[in-house]
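Read the structure below first, then the notes.
The values are calculated or read from the model by the stated rules, or taken from the named source; none is laboratory data. Keep in mind that this is a model prediction, so the values were computed, not measured. Virtual Cβ from ideal backbone geometry, glycine too; neighbours counted across all protein chains shown.
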Amino acid sequence: MGKLIVRIGISAVLFTLIAELVWSLSSYVFMPLYLDAQYMATWSKLALPGSGTPTNMILIMMVITLVMSVAYTLFYRCFRDKLSGGVVKKGLYFAGMIYLLGVLPGYLTMMVMIHLSVHIFLSWMITSLIVFAVGGVVVARVNKV
């Protein structure tokens, strides 16, 4: 039981670190889109409080991502024996399923409902695909049978 908890914890922390690194780099690259005056009313004051780094938002997102990463790892552990192939294939296949069934539909729905540049949504879709692909392989590697 102790090794199981350690594996889940390591997986969640690594997935969170990967996600935060990729999402942070993406935010810096696409910051001009976020700061476009026509979209400023869209962002919460927590996300963009004004000048400087939105430290509160970063910490809140890390906690949310860590919780999501624990759930992701638990779901992977439930399905890993039903996936064929080696560690990389299992990780990519599971990540692809989660992305196609949950992440992508969420972004597509937001595109219809929220007034933002399509470029922002495309950056989120691509960035999340990278996060889930890399994170999926890492989770599969840490939790191999």
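Descriptive notes on the structure:
- Filtered residues of segment 128-145 (kept if surrounded by fewer than 19 Cβ atoms within 10 Å (Cβ to Cβ) and not in a helix (DSSP H, G or I)): Lys144, Val145
- Of all residues in segment 24-36 being part of a loop (DSSP other than H, G, I, E, B) and at pLDDT 80 or above, the one that is nearest to Leu116 (Cα to Cα): Asp36
- Of note, Tyr39 does not satisfy the criterion of being of a type in the set (Ser, Thr, Tyr), surrounded by fewer than 14 Cβ atoms within 10 Å (Cβ to Cβ), part of a helix (DSSP H, G or I) and modelled with pLDDT under 95.
- Considering the conditions (1) touching a residue at least 40 places away in the same chain (Cβ under 8 Å); (2) over 13 Å from Ala133 (Cβ atoms), Gly106 is excluded by exactly one of them, (1).
- His115 meets each of the listed conditions (1) part of a loop (DSSP other than H, G, I, E, B); (2) at pLDDT 95 or above apart from (2).
- Subset of segment 11-20 that is at pLDDT 95 or above and surrounded by 16 or more Cβ atoms within 10 Å (Cβ to Cβ) - its residue that is nearest to Asn143 (Cα to Cα): Ser11
- Qualifying residue in segment 74-93 (condition: in a helix (DSSP H, G or I), without any contact (Cβ under 8 Å) to a residue 12 or more places away in the chain, farther than 18 Å from Ser11 by Cα and among the hydroxyl-bearing types (Ser, Thr, Tyr)): no
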